[in-house]
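Nothing in this text is a laboratory measurement; each read-out follows from the coordinates by a stated rule. Keep in mind that this is a model prediction, so the values were computed, not measured. Cβ atoms come from the backbone with ideal geometry, glycine included; neighbour counts cover every protein chain shown.
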Amino acid sequence: MVDPIPLLDIQELSVEFRTRSGVVHALENVSMKVHRGEIIGVVGESGSGKSVSAMTAMRILDPAGHVTSGSITLGGLDVLNASEEVMQKTRGHEASMIFQSPRTALNPIRTVGKQIGDVLKRHGNANRQTVHEMVIKALNTVRIPDPERRIHAYPFEMSGGMCQRIMIAMALSCQPELLIADEPTTGLDVTTQAAIMDLIRDLSKERNMATVLITHDLAMAADYCDRIVVMHAGHVVENASTKDLFAAPRHPYTTKLMQATPQGDGALDDIASIPGGLPDLRGDLPPCRFSARCERFEETCNTSLLSLDEVSPGHFLACRRPL
Amino acid sequence: MFGNEKFKMIVGRLLQAIPSIIGIIIVTFVLTRALPGDPAVYFAGPAADEKSIQEIRVSLGLDKSWLEQFWIYASDLVTGNLGVSVSTGQPVVEELIRRLPASLELTFLALIFSLAVALPLGIAAATRPNSWIDQLCRIVVTAGVSLPVFFTGLIMVYLFYYIWGVAPPPLGRLEIIYLSPPPVTNFYTIDALLDGDLETFGAAFAQLALPAITLGIFTLAPLARMTRAAMLQVLSSDFIRTARASGLKRSTVLYTYAFRNAFLPILTTLGMVFSFMLGSNVLVEKVFAWPGIGSFAIEALIVSDYAAVQGFVLAMAILYVLLNLTIDIVYTLVDPRVGLDG
Amino acid sequence: MTEFLKHLKYILTENSVTLIAGTMFLLLILAALFGPYIVPYDPLASSATRTLEPPSWDHWFGTDQLGRDVFSRIIVATRLDLAIAISAVVISFVLGSVLGSLAGFFGGWADRIVGRITDTIMAFPLFVLAMGIVAALGNTVENIVYATAIINLPFYARVSRTEVNVRRSADFVLAARLAGNSSLRLLAMHIYPNTLPPLMVQVSLNMGWAILNAAGLSFIGLGVRPPTPEWGIMVAEGAGFIVSGEWWLALFPGAALMIAVFTFNLLGDGLRDLIDPRRRT
């Protein structure tokens, strides 16, 4: 079932933010592949570079962010060198993204029906006559009850979960091949979280989409993802299938994450068991950015550059002293 | 979606204007009675004796209690009686109504000019932070609020009339060689157009241009500042990121999504802008000898024609309340959230 | 406090605009204090032989229709213009902040009455209200001060109402209350002083606007009488000569006015940065 050519292929991507207080090395040599029909979880603390990776893949990064090296291929398109016009037509059409806090992620003074219609019309999937019907269809896909009435509603008239369904409907309205979900359940209550995640999984399997789930919740990634990419301070530190990762985590940070995540619905908000915080990403950094927090650290760790190597089939790791 | 709720809210807004109007009437009443010394002595003139002062006191109703006087004042207002202007001998209401179109024409054109410059400038500054246009916007905003409006006006006259000779002399609404167009709206430019008289239109517009630009420059600053700030805030909001991630065109993101949201705080600022405008209007009218109600008030002030001045203050205040009311109603109609979260 | 001084140094050194504004402010104060003693000519001395002379080495800003030195008149006028603006701002600062504090602290009726007063003032176009007040009270300089004070009152009342309201239930206030302080004492000794920084920003932002208002009133012939040198009236007197090309009569005093307002506005922005670095725009 898995296609040998990945739909999204990020290679050795480095991104810097030039701020007044110095250059922030937000991403360094980040690589990941996403295939059709596959759900990839990108896991890490806030500030680890998960969202920056996703925004760069969509090329909607803040103007302060600059790609210094690497390449991104999306279904044959060279994302970093494509014209803005091509990218605009790609976004929402071939690749879509949904965000956290769905109530603020929708235009507050435009009805949800119009917002979905804007996307449909933009990508030529509907015209004036068909737009109503197409919007209803999109709303039906995400199982919104009473779509004929909801189409005229404003975001503030709906619950957070309902708004997230609207955003998913909007993202999927033009049948994209890639869906990036950036913390899609943050700010929703627990039962709604499960419903939204089930919806995302069902739709991506149904449509054979490549799906990237960005989350700080390792337990959620374990439940829904086929493969997990662990990020720390702008590096990918470990990348393995969910099964392998949980059976035998190799990176010290991954094990810390697992210990910090209680069984069930815990999240990484309370990372008391991981000492220290993320390093300051400005200025010079050691090859292993986890070294300052790592119990297994030795002098040899930072002697030379570190790369992400395949340690067993399909299991990638960037560590000199793995478990 | 224009339902009962909105209608009720608009009625609510209208009702909310009533306390403001009552406040305005009380203030203008107090102002008419706050004349230093005995108003009757004042109105009677220096040569009056005790008997004629007493007669004037009675004729002005000053012998009655304050409450009675207020009642008389208020009922006069309701019937449109603002007293008689001492300097012209005409009822104040008639004088004001005759001159109001000149002031309104000037104010509206100034507003259009101001919006036409401030909105694009603010939007451009917000979409390209720290670019030259952002710096230009910053300069305009800081300089605009520091320029005394009469000073700007005089510079305009000096440059455009005296040095370059492109503007007509700053003396009123129409040069003496033209006849005023047949009155319909009493806005000379519109009336000239309605009459099909392009030459008069051009002449009226030429007279109008400098004062309107002068007035517009003064109100440009708060508008541009607010547009920039509101656009910056909206552009950094989550829903703009969603719109961009959906591949919507830059123009759609900027205007349909960002600007429509930024328009709401801009609309609120317009209230303050009108306060500036109606006030500066007086100064601009003096500089350009514009025959509006501001010039009328200045003439009245100089000859201590109190009824005329108070009538002017009252008229301006009512006009201001009406403008604010319009802003509120537009806001209610534009923002679907109004009233549903409160 | 050292932190504050450091920040002050930062503001002054890093932000050259504020430094320039500070320098201009000092010059304005010097002109106001010593102007009459340093000017080259008597501002009231007319000369029938040297009327309407353009700027020259003798008369930097030229002479007016009576042969008076425009430069000297502008410098001497600084004191009167600043005095009017400062007295007006002080009055509205004191009255406004007291009313606003009472409203914010006691809420209820106090709040409603103060709110009604400020709303009523704000229901007028402010300059027009000032005209009405001067017309009613009488055409004098003091009344220009009162009128300017009244139209600025709502700004101070609103700021201090919000600031007091926010602090009313702050921890240090509760602690003081538990220590047995009476309400008014609490307001006067513990809350009010803490509202001063934001009010000071309001003062400096308001000063320019107060100068503009006062000058506007004298431009239309209220308050100051000729031959007293004052910027607004000088512009008014010079206005008639613009159309015949004697620009220096009106433009120099107008520029002085503009520079004064500009100085206070820049200073206000700088002060806002100093007091609240987060609210920078």
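Helix C:2-14 versus the longest principal axis of chain C: what is the Cα-based angle in degrees, 0 to 90, to the nearest 10?
30 degrees
What residue among A:G277, A:G37, A:G117 shows peak mean-square fluctuation when chain A is described by a Gaussian network model with Cα springs under 10 Å?
So, out of A:G277, A:G37, A:G117, the one fluctuating most is A:G277.
How much length would be gained if the chain were fully extended between B:I97 and B:S52, taking 0.36 nm per residue of separation minus their Cα-Cα distance, in nm to one decimal?
Additional length available on full extension: 12.9 nm.
How large is the translational diffusion coefficient of region A:155-226 in µm² per second when you combine the Kirkwood radius over alpha carbon pairs with Stokes-Einstein at 4 °C and 1.567 mPa s? Before the final figure, lay out each step's value.
Working: Rh = 12.6 Å.
Roughly 103 µm²/s, to the nearest whole number.
Residue by residue, what Karplus-based ³J(HN,Hα) values in Hz, rounded to whole numbers, does region A:65-70 have, using 6.51, -1.76 and 1.60 with θ = phi - 60° and x for Gly and Pro?
After applying 6.51 cos²θ - 1.76 cosθ + 1.60, I find x, 10, 7, 9, 7, x Hz.
Return the single residue from A:D309, A:D62, A:D226 with maximal mean-square fluctuation; model: Gaussian network over chain A, springs between Cα atoms under 10 Å.
A:D62
For region B:79-232, what is one quarter of the convex hull surface built on the Cα atoms, given in nm²?
In nm², the orientation-averaged hull projection of region B:79-232 is 12.6.
Mean-square fluctuation check for chain A, GNM, Cα pairs under 10 Å: which of A:P252, A:P176, A:P147 is largest?
Among A:P252, A:P176, A:P147, the largest mean-square fluctuation in the Gaussian network model of chain A belongs to A:P147.
Once you put a point 7 Å from the Cα of C:V94 and another 7 Å from the Cα of A:R149, both along the Cβ direction, what distance in nm separates them?
That separation, rounded to one decimal, is 6.3 nm.
Rounded to whole Hz and in sequence order, give me ³J(HN,Hα) for region A:283-294 from the Karplus expression 6.51 cos²θ - 1.76 cosθ + 1.60, θ = phi - 60°, writing x for Gly and Pro.
x, 7, 10, x, x, 9, 7, 8, 4, 5, 9, 8
Give me the one-decimal Kirkwood hydrodynamic radius in Å for the protein assembly as shown, with the sum taken over alpha-carbon pairs.
Evaluated over the protein assembly as shown, this radius sits at 32.8 Å.
What do you get for chymotrypsin sites (Phe, Trp or Tyr not before Pro) in region C:44-86 restricted to DSSP loop and a cutoff of at most 16 other Cβ within 10 Å of the site's Cβ?
Details: sites: C:W57, C:W60, C:F61, C:F71; in loops: C:W57, C:W60, C:F61.
Passing both the DSSP loop test and the Cβ count: C:W57, C:W60.
What net charge do the residues around C:L186 carry, taking every other residue with its C-beta under 14 Å from that of C:L186, with Lys and Arg at +1 and Asp and Glu at -1?
+3
Do any trypsin sites (Lys or Arg not before Pro) in region C:209-281 lie in a loop, going by DSSP, with at most 13 other beta-carbon atoms within 10 Å of their beta carbon, and if so which?
C:R280
Holding the Cα-Cα limit at 30 Å, pick out from A:K137/B:K8; A:K121/B:K8; A:K33/A:K89; A:K50/A:K137 the pairs that are longer than that. Kindly include the intermediate steps, with their values, before the conclusion.
Numbers: A:K137/B:K8 35 Å; A:K121/B:K8 36 Å; A:K33/A:K89 22 Å; A:K50/A:K137 32 Å.
From A:K137/B:K8; A:K121/B:K8; A:K33/A:K89; A:K50/A:K137, over 30 Å: A:K137/B:K8; A:K121/B:K8; A:K50/A:K137.
Enumerate the amide H contacts of A:V212 below 5 Å, restricted to partners 5 or more residues apart or on another chain; note that Pro and chain-start residues carry no placed amide H.
It is A:I40, A:L179, A:I180, A:A181, by chain and number.
Can you give me the distance in nm between label points at B:L194 and B:E68, each placed 7 Å from the Cα along the Cα-to-Cβ direction?
The two pseudo-label positions are separated by 4.7 nm.
Report the label-to-label distance for A:R20 and C:L5 in nanometres (one decimal), using points 7 Å from each Cα along the Cα→Cβ vector.
Placing both labels 7 Å beyond Cα along the Cβ direction yields 2.4 nm.
Add -39500 (n - 2.57) for each DSSP H run of 4 or more in chain C, then divide by its residues: what number comes out at 222 nm, to the nearest 500 deg cm²/dmol? Walk me through the intermediate numbers first.
Numbers: 10 runs with 203 residues, N = 281.
Per the formula, -25000 deg cm²/dmol.
At a Förster radius of 35 Å, what calculated FRET efficiency corresponds to the Cβ-Cβ distance of C:L26 and B:S59, to the nearest 0.05?
0.05
Which order do peptides C:44-50, A:192-198, B:110-116 fall in by mean Cβ count within 10 Å, highest first?
The densest-packed peptide leads the list: B:110-116, A:192-198, C:44-50.
Need the full-extension length gain, B:T79 to B:V334, defined as separation in residues times 0.36 nm minus the C-alpha distance. One decimal, nm.
Between B:T79 and B:V334, full extension yields 88.2 nm more.
Out of the DSSP beta bridges found with both residues in the protein assembly as shown, what percent are antiparallel (nearest 5)?
65 percent
Could you compute the FRET efficiency for A:K243 and A:F156, with r as their C-beta to C-beta distance and R0 at 51 Å, rounded to 0.05? Let's see the in-between values first.
Details: r = 43 Å, r/R0 = 0.83.
The calculated FRET efficiency here is 0.75.
When C:M200, A:M55 are ordered from fewest to most other Cβ atoms inside 10 Å of their Cβ, what list results?
Lowest count first: C:M200, A:M55.
Answer rounded, prolate or oblate for chain A, using the Cα gyration tensor with square roots of eigenvalues a ≥ b ≥ c: rounded when a/c is under 1.5, else prolate when a/b is larger than b/c, else oblate. Walk me through the numbers on the way to the answer.
Working: a/c = 1.92, a/b = 1.65, b/c = 1.16.
Verdict is prolate for chain A.
Please give the net charge around C:G104, taking every other residue with its beta carbon less than 12 angstrom from that of C:G104, where Lys and Arg add +1 and Asp and Glu add -1. All intermediate terms of the calculation are to be shown ahead of the outcome.
Numbers: positive: C:R158, C:R161, C:R167, C:R168; negative: C:D111, C:E163.
Neighbourhood net charge equals +2.
Among residues other than C:G223 whose Cβ falls under 12 Å from its Cβ, what is the net charge (Lys/Arg +1, Asp/Glu -1)?
Summing Lys and Arg as +1 and Asp and Glu as -1 gives -2.
Once phi is turned into θ = phi - 60°, what whole-Hz ³J(HN,Hα) does the Karplus curve with 6.51, -1.76 and 1.60 give for every residue of region A:169-182, x standing for Gly and Pro?
Result, rounded to whole Hz: 4, 5, 5, 9, 4, 9, 6, x, 8, 10, 10, 10, 10, 9.
Would you grab the residues whose amide H sits under 5 Å from the one on A:H232? Only those 5+ places off in sequence or on another chain, please, with H modelled 1.01 Å from N.
A:V237
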